[in-house]
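Colleague: Have a look at this one before I ask anything.
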Amino acid sequence: MHYISTRGDTSRFTAAQAICLGQAPDGGLLVPESIPRLDAAEIERLRESGYSDRVALILEKFLTDFTSEELHEACRAAYDSGNFDGEPAPLRRINPYGPRSWILELWHGPTAAFKDMALQLLPQLMVRAAQKLGLGRELCILAATSGDTGKAALEGFRDVPGTSCIVFYPAEGVSPAQELQMRTTTGGNVAVVAVEGSFDDAQRGVKALFANQTLAAELAARGRMLSSANSINWGRLVAQIAYYWSSYADLLVRGEITPDESVNFVVPTGNFGNILAAWYAREMGLPVGRLVSASNRNKILSDFLGSGVYDRRREFHTTIAPSMDILVSSNLERLLFELTGRDAGRVAGWMRDLATEGVYEVGPAVLERLQRLFVGGHADDAAISRTIRDVYDETDLVIDTHTAVGFNVYERYLRRSQDPAPVVFVSTASPFKFAEDVMRALAASRPLTPPRRERLELSERADARGVSERREERRPGGERREGRRAAAGRRGQMMTRRVISGFRDADGEMIRDQQETEAEGRNKRGGRRRSGRPRTAEQGGAAPPRPKKGGDRAAARAEDADDAARSGASRRRGRGRRRSGSSKRGGGTEGRSGSQTMALAMSGEDRLELEIRGEEMHVVYDSLRDNVEEPTASDEAVRSESFFADQLGTTLPGAVYDVDESVDPDTIVIPETDLDRMLAEYAALAREKKPDLEPIEALAEESGMTVPFGLDRLEQRPRRPYIRIAPEAMEWVVRALLLEERSEEELAAETTADTAGNMGPEITST
């Protein structure tokens, strides 16, 4: 088996050469001259084998200048030597999310992301390839990363003899956990560099370095040569083909599918390498129905699969799925080469157009071939968060932000197509790697109304107490009958509701060291009160909460409210209780002054907000529209009002309600299970200037999962020197490290003072 360039270079390369080169000399990507197929006997061998042997079997079809013994040895070193937490690529059934759906978890390696599946193997293959070729030179690995590849490459190559590794990442384009993973990597042969710009800027710089013949000659004179760890290296892509075959073998072993039954694969992708590996598996004989390409808000692949136009001349978005924040999907070039009948001239022309004009169009014939197999879709951050919550509610499965993109896109595809085929969702990262965003999603994207059955049960319980009048005031479509709220609207004073819950400290005392005054709070909110009730001098300018009716409880709340007013505390501070997600450290007062607000839902002038004041939290719902003759609200606002005002259930102990006098407070009830859980989950996010340990701990407690690979200890690890450069300085860094053999400390000292002294990133929870 030999390898050729996608752009027309007539040279033919062995597998060992392809792995060491990483990229063709003409700037193209290396692809096999032909795509082998598996026969029935080989598929049966897959069923009977463990994961490392399955990978070796796939490699034998492509890396024919390696012996079977060499490949099995490399695979055992990668997958069977304790680098993975249990099985490397477990396939788990999703139930009851779908009767025939599974999730392929590819994040059980040392960096908690799917890149480990290839980058634990690639160093093993590279060292053996260099020996086979008798290069006698050190392999210098260059990698650009959008978050996960960098740490996986550093972890795979650190302290491997005969290699060195430099990783470039976008300075503001990876998550705090990803950045800390890279900057806390040990090893004397690795380096990490932040690049001002996007992943595409870093990737473009790495490609330019590979094409720099002068640099290559200088490195060769020093006994070194450049190679790639990105998915443009065939040695990495071939390892990814194996886990699609492995998941199919698992389905056969369990009797979940028949041998001739097609399976859909849902793949979150940015650089197109992960889903391209699934396409190669299909060409080898894997029965694939549809390949669903899931993109985040940077939806260039989704647009391309719909139109055939690849246009990177668009706004770049930083999202909560940062590993997919990419506008130039390099591996798409390999697929276009195959779909055009290996027309290298056309592919080279398109790539030139992309580099010079920023756009190319493949035409209707190629687009039709694409759409026979691929389905494209995208999800923005709000949809990602909503999907994380929905999947958890239905399956008890906690997924990360990237995997959630796949679930979201496939759900919409399924509604349109009614495709009955079994489906495998490719899960690309551990949720603990993106704990803060997952925690926010678990609370913020909670549906604002409980399921219908729960609502009916709550209503029946409320009817017995005789407090169901609120539901009778509403007509379908949000219209309201004659009642107190309509009367309030005609007076130009729509009701204000604030739902409040604070937290007690470790000693059970309410946290009361808030420095902000009520006047300052009003200024931050725009300078006007949101309630029609007048304030009195005795109350210090702050209206006390109107107490709930009902004996001792009402008296106790009124007394607490009066105490708060007399002490100058905020009018929104309420009684509360410490919950499972709140701080276990107690005591300290550091960082409790000041406030932060997160919008949970917003529609017009109707808002649902989480207000964080140090270690105290307030869930605030406002539905105020001044000077209107009739109360009107959007569907979203009506649903919000339904949840906080019209859902009948048990009032949350410790909550205080502050309402307009035109409304009876007893008509405002909240299902305790929903709000209590929301507050408990958000409590872990209410810590200021703290590392991400508490969101991770809370997520672990919530999910019953074990935090993998020390993600909860990242903040305590020593960091590498912080080197931050402009994209045009990438060659300077490579020359300094590889030719001048200067240290990272020296390079950090030469960057600007403000970045050189930055020993971040500092993970904050809000």
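Every number in this text was worked out from the coordinates using simple rules, so none of it is lab data. Predicted model only: the values in this text are computed from it and were never measured. Note that each Cβ is placed from the backbone with ideal geometry, even for glycine, and that neighbours are counted across all protein chains shown.
Colleague: Can you put E138, E750, E179, E69 in order of Cβ neighbours within 10 angstrom, beginning with the fewest?
Modeller: Sorted ascending by nearby Cβ count, the order is E69, E750, E138, E179.
Colleague: Something else about it: Taking the simple approach of a point 7 Å from Cα along Cα-to-Cβ for both R137 and D343, what is their distance in nm?
Modeller: 3.6 nm
Colleague: Sequence-distant or interchain residues sharing an amide H contact under 5 Å with R224, placed H: which?
Modeller: Those lying under 5 Å, H to H, from R224 are E138.
Colleague: If you count, for each residue, the other Cβ atoms within 10 Å and average over each peptide, how do 370-383, 30-43, 272-285 line up from highest to lowest?
Modeller: Put in order of decreasing packing, that is 272-285, 370-383, 30-43.
Colleague: Applying 1/(1 + (r/R0)^6) with R0 = 45 Å to the Cβ-Cβ distance of R76 and Q371, what FRET efficiency is obtained, to the nearest 0.05?
Modeller: On the way: r = 41 Å, r/R0 = 0.91.
About 0.65, to the nearest 0.05.
Colleague: On to the next question. Please report the spacing between the Cα centers of the stretch 344-408 and the stretch 226-255 in Å, no decimals.
Modeller: Going from one Cα centre to the other spans 19 Å.
Colleague: Right, another one. Taking amide H atoms as placed 1.01 Å from N in the peptide plane, list the residues 5 or more away in sequence, or in a different chain, whose amide H sits under 5 Å from that of I141.
Modeller: S164, C165, I166, S227
Colleague: Among 110-120, 706-716, 254-264, what's the highest-first ranking by average C-beta atoms within 10 angstrom per residue?
Modeller: 110-120, 706-716, 254-264
Colleague: What ranking of T67, T751, T269 emerges when the number of other C-beta atoms within 10 Å of each C-beta is taken as an exposure proxy, fewest first?
Modeller: Arranged by neighbour count, lowest to highest, T67, T751, T269 become T67, T751, T269.
Colleague: Would any residue of the stretch 216-260 have its amide N under 17 Å from a label point 7 Å out along Cα→Cβ of M1? List them or say none.
Modeller: 232-246
Colleague: What pairs in K61/K299; K115/K299; K61/K433 have C-alpha atoms more than 32 Å from each other?
Modeller: Beyond 32 Å between Cα atoms: K61/K299; K61/K433.
Colleague: Right, something else. If you plug each phi of the stretch 17-27 into the Karplus form 6.51 cos²θ - 1.76 cosθ + 1.60 with θ = phi - 60°, what whole-Hz ³J(HN,Hα) values come out, in order, with x for Gly and Pro?
Modeller: Karplus values, whole Hz, x for Gly and Pro: 5, 4, 5, 6, 6, x, 9, 5, x, 8, x.
Colleague: So, one more: Can you give the FRET efficiency for A40 and R254, using 1/(1 + (r/R0)^6), R0 = 25 Å, r = Cβ-Cβ distance, to the nearest 0.05?
Modeller: Efficiency for this residue pair is about 0.85.
Colleague: What distance in nm separates the simple spin-label points at A211 and R92, each placed 7 Å from Cα in the Cβ direction?
Modeller: Between A211 and R92, the label points sit 4.4 nm apart.
Colleague: Within the set of other residues whose C-beta is less than 11 Å from the C-beta of F13, count the net charge using Lys and Arg as +1 and Asp and Glu as -1.
Modeller: -2
Colleague: Where a ≥ b ≥ c are the square roots of the eigenvalues of the C-alpha gyration tensor, would you call the stretch 1-124 rounded, which needs a/c under 1.5, or, failing that, prolate if a/b is larger than b/c, or oblate?
Modeller: Cα axes put the stretch 1-124 in the prolate bin.
Colleague: Same structure again: Mind grabbing the base-10 log of I(q)/I(0) for the stretch 3-374 at q = 0.07, 0.09, 0.10, 0.13 Å⁻¹? Debye formula, identical points on the C-alpha positions, no solvent, two decimal places.
Modeller: Cα-only, vacuum Debye calculation for the stretch 3-374: -0.28, -0.48, -0.60, -1.08.
Colleague: Residue by residue through the stretch 387-397, which ³J(HN,Hα) values in whole Hz follow from phi under the Karplus form 6.51 cos²θ - 1.76 cosθ + 1.60 (θ = phi - 60°), with glycine and proline marked x?
Modeller: Working through the residues one at a time gives 5, 4, 5, 5, 5, 5, 4, 8, 10, 6, 9 Hz.
Colleague: Let me ask you something else. By average Cβ neighbour count within 10 Å, what is the ranking of 17-27, 411-421 from highest down?
Modeller: 17-27, 411-421
Colleague: Specify whether the C-alpha gyration tensor of the stretch 112-247 places it in the rounded, prolate or oblate class, a ≥ b ≥ c being the square roots of the eigenvalues: rounded for a/c under 1.5, otherwise prolate if a/b is larger than b/c and oblate if not.
Modeller: oblate
Colleague: Ok, one more. Quickly work out the E731-to-E283 label distance, labels modelled 7 Å from Cα along the C-beta direction, and quote it in nm with one decimal.
Modeller: With each label point 7 Å from Cα toward Cβ, the separation is 3.4 nm.
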